[in-house]
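Worksheet: the structure to be examined is printed underneath.
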Amino acid sequence: MTSISLSEQEVIRRNSLLRLRELGIDPYPAAEYPVNCSVSEIHSGFSEELKNFNEVCIAGRLMTQRIMGKASFAELQDSTGRIQLYITRDEICPGEDKTFYNEVFKKLLDIGDIIGVKGYVFITQMGEITVHVQELTLLNKSLRPLPVVKEKDGMTFDAFTDVEQRYRMRYVDLIVNPQNRDVFVKRTKIISTMREMFNEYGFLEVETPILQPIPGGAAARPFITHHNTLDIPLYLRIANELYLKKLIVGGFDGVYEFAKDFRNEGMDRTHNPEFTVLEIYVAFKDYFWMMNFTEKLVERVALALHGSTRVQIGEQEVDFKAPYPRVTMIEAIKTHTGYDISGMDENRLREICDRLGIETNPGMGKGKLIDQIFGEKCEHHYIQPTFIIDYPVEMSPLTKKHRSNPELTERFELMVFGKELANAYSELNDPLDQRERFEEQLRLSEKGDDEAMFIDHDFLRALEFGMPPTSGMGIGIDRLTMFMTNQLSIQDVLFFPQMKPETGKSGTISAADEFSSLGIPEQWSEVLGKLGYSSLARLKEVDKYTRLHQELCGYNKKNKLGLTNPSQDEVKAWLEQLD
RNA sequence: GACUCAGUAGCUCAGCUGGUAGAGCACAUCCCUUUUAAGGAUGGGGUCCUGGGUCCGAAUCCCAGCUGGGUCACCA
């Protein structure tokens, strides 16, 4: 049964598994295990005087074993924490037969196995709260060795830190790096706090299509797929904005959705191809109302997570206490560049960009140029939460024009730590204006702007039926989580960040797979890999099958694999198949 | 996409002015038997990411590739 591609430790664990079965112990029992409390409940509730917790039943992963003679210590980790176990031979083996302690517990159990124990809680001479085990049940045999991380006085030893492995095997990361679990618990808390507030306001949580015939609502490259029955292309949504507004047209006063969006663009520390956005639309409100709402929301999230509005992000302390300053985009640019760009045309703006040393290209319109100046010269200054308001009309095709200046729109972005956290508008509900804006987008895209939006005719039709004045807002949940948990990489707030697929450890594995697909038995395919035949081509270079036969048998003998040697004819047949 | 750093035992890492592959933890065997990151002794375990080159000889030097990190660009 043993495969030579397994490490020594894996082989030992598989052998332990067989031995457990021999002893009549099911390593993967089906029955429910009746846990009656958690590790953290014991830690917080145990009192030596009360002698409570005298019949606990807990389950979790075995994380350390300190084996001595008749008595041993171990640590068990459940979802709430770790606790020490005290195990004595005669207590878990009351009769004559001490096999369960001497062999099963001491030898056949390993770090990483999932066990359940029953017993009572006491405090050891060293002062540690410990479960005195009276009964131990194996619930799952672990076949791969876990990295062993140790800790003492806040110092961590041999931590499992390789980021690639942590992301690819998040399960291992979560087991051995409990501090990383906390980020994900907080992420869920952020979402539930927001949902709680939306529901208090009476807004309706909804779901809208992820597969869309037109990827609208934002400007980004979509993922494309195909529906076989309808025989049409479908896109994974890049936003859900237009669908939510259609629901406002339909008569709902407030709708929101925590949505996964997908964008087929570059990946870096702050971008993952799929990401989560909260979008909310509220009828009869404007962007001023939405600013008040947003700052209350963000403040509430900070309080729910930290009990304080002050949050450490990198080197900075950010205070999420509402209200936040409101700065128009034109003011912001004036403050940080000295230029007042109000009323400037495209050429003047391009001139300013040149003077500021900002690169431009001819495809950039007025809006894009202003956006560029803001992004280069202003954005990074806004560490504390700040609303930047009144964006130029060219860069906001779904936003209502400003009530007192037709060059601008009623739009705000919430900047935190020099980055955009939220984006909101007084929604454009004039169907004719909306149609013109879409057509302007079309012209931009013809001019070479590949970010310009697609036109959604059904959305225009909906607006023609009439949408009440509405304000909408979107928050990047991944980014919010990064801020609230002080993580600098989006990969650290996603359980399973997108990675290039693993291609096997090396050519050997795939070569072995190729060999075995040709009918060479799996074990011998692996031996061939070990012998350096890393591809079919290499194997084809073998001129004498007798020599290959000898190599194989020699390897088997030398490494004590215990395989049955193939006959010379078999080896000859393998090679003949290659031709 | 460009530049840059890294890839060695299950994990963390050393070795890198080329000369037989190392440590700690983990694992195995034995001793000890109420310990606390680690009790003691002994031992097993490696395609040094892959492929090519230089060389008598490459983990080490050179080239190409793969994967990951960082910076920038693109992108909200």
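The values are calculated or read from the model by the stated rules, or taken from the named source; none is laboratory data. Since the structure is predicted, the reported quantities are computational estimates derived from the model, not experimental observations. Backbone-built Cβ (ideal geometry, glycine too); neighbour counts: all protein chains shown.
Looking only at residues in region A:293-323 that are in a loop (DSSP other than H, G, I, E, B) and not polar (S, T, N, Q), which one is surrounded by the fewest Cβ atoms within 10 Å (Cβ to Cβ)? Don't jump to the end; show me each part of the working.
Within region A:293-323, the first condition is being in a loop (DSSP other than H, G, I, E, B), and the residues that meet it are A:307-309, A:314-315, A:320-323.
Keeping just the survivors that are not polar (S, T, N, Q) gives A:307, A:314-315, A:320-323.
Details: A:Gly307: 8, A:Gly314: 12, A:Glu315: 6, A:Phe320: 24, A:Lys321: 15, A:Ala322: 17, A:Pro323: 12.
Per the criteria, the residue is A:Glu315.
Looking only at residues of region A:185-229 that are among the aromatic types (Phe, Trp, Tyr) and at pLDDT 95 or above, we find that the one that is nearest to the chain's Cα centre (by Cα) is A:Phe198. Of all residue pairs spaced 6 or more apart or on separate chains, those with beta-carbon atoms under 9 Å, a first member in region A:79-102 that is at positive phi and a second member that is more than 10 Å from RNA strand B (Cβ to nearest atom) and part of a loop (DSSP other than H, G, I, E, B) are A:Gly81/A:Ser38.
Residues in region A:170-179 that are in contact (Cβ under 8 Å) with a residue 60 or more places away in the chain and either within 21 Å of A:Glu75 (Cβ to Cβ) or within 6 Å of RNA strand B (Cβ to nearest atom) (or both): A:Ile175, A:Pro178.
Against the conditions (1) among the polar types (S, T, N, Q); (2) surrounded by 20 or more Cβ atoms within 10 Å (Cβ to Cβ); (3) assigned to a helix (DSSP H, G or I), A:Ser445 satisfies every one except (2). If you go through region A:177-230 and keep only what is of a type in the set (D, E, K, R) and assigned to a loop (DSSP other than H, G, I, E, B), you end up with A:Glu207, A:Arg221. Among the residues making up region A:20-48, those that are closer than 17 Å to A:Glu128 by Cβ and away from RNA strand B (no atom under 16 Å from the Cβ) are A:Ser40, A:Glu41, A:Ser44, A:Gly45, A:Ser47. Looking at (1) closer than 23 Å to A:Ile341 by Cβ; (2) in contact with a Gly (Cβ under 8 Å, 6 or more places away or on another chain), can you tell me which one A:Phe417 breaks? Every condition holds for A:Phe417 apart from (1).
For first residues located in region A:190-205 and on the phi < 0 side of the Ramachandran plot, partners that are of a type in the set (Ser, Thr, Tyr) and lie 6+ apart or on another chain with Cβ distances below 8 Å form the pairs A:Ile190/A:Thr481; A:Phe198/A:Tyr256; A:Phe203/A:Tyr256; A:Leu204/A:Tyr256; A:Glu205/A:Tyr256.
On the stretch given as region A:82-131, residues that are among the basic types (Lys, Arg) and within 22 Å of A:Leu50 (Cβ to Cβ) total 1.
So if I check each of A:Tyr33, A:Tyr120, which one is closer than 30 Å to A:Asp173 by Cα, surrounded by fewer than 19 Cβ atoms within 10 Å (Cβ to Cβ) and hydroxyl-bearing (Ser, Thr, Tyr)?
Details: A:Tyr120 fails: closer than 30 Å to A:Asp173 by Cα.
Selected residue: A:Tyr33, the only one of A:Tyr33, A:Tyr120 that is closer than 30 Å to A:Asp173 by Cα, surrounded by fewer than 19 Cβ atoms within 10 Å (Cβ to Cβ) and hydroxyl-bearing (Ser, Thr, Tyr).
A single entry from A:Leu244, A:Leu234, A:Leu278 fulfils the requirement of being over 22 Å from A:Gln434 (Cα atoms), touching a residue at least 24 places away in the same chain (Cβ under 8 Å) and either part of a loop (DSSP other than H, G, I, E, B) or among the aliphatic types (A, V, I, L, M) (or both): A:Leu278. For beta carbons closer than 7 Å, sequence separation of 6+ or different chains, a first residue in region A:285-313 that is farther than 19 Å from A:Phe412 by Cβ and a second that is small (Gly, Ala, Ser) and assigned to a helix (DSSP H, G or I), the qualifying pairs are A:Thr309/A:Ala302; A:Val311/A:Ala302. With respect to the conditions (1) surrounded by fewer than 14 Cβ atoms within 10 Å (Cβ to Cβ); (2) over 30 Å from A:Leu494 (Cα atoms), A:Glu91 lacks only one, and its number is (1). For region A:123-169, filtered to residues that are assigned to a strand (DSSP E or B), within 7 Å of RNA strand B (Cβ to nearest atom) and at pLDDT below 90, the residue that is surrounded by the fewest Cβ atoms within 10 Å (Cβ to Cβ) is A:Lys152.
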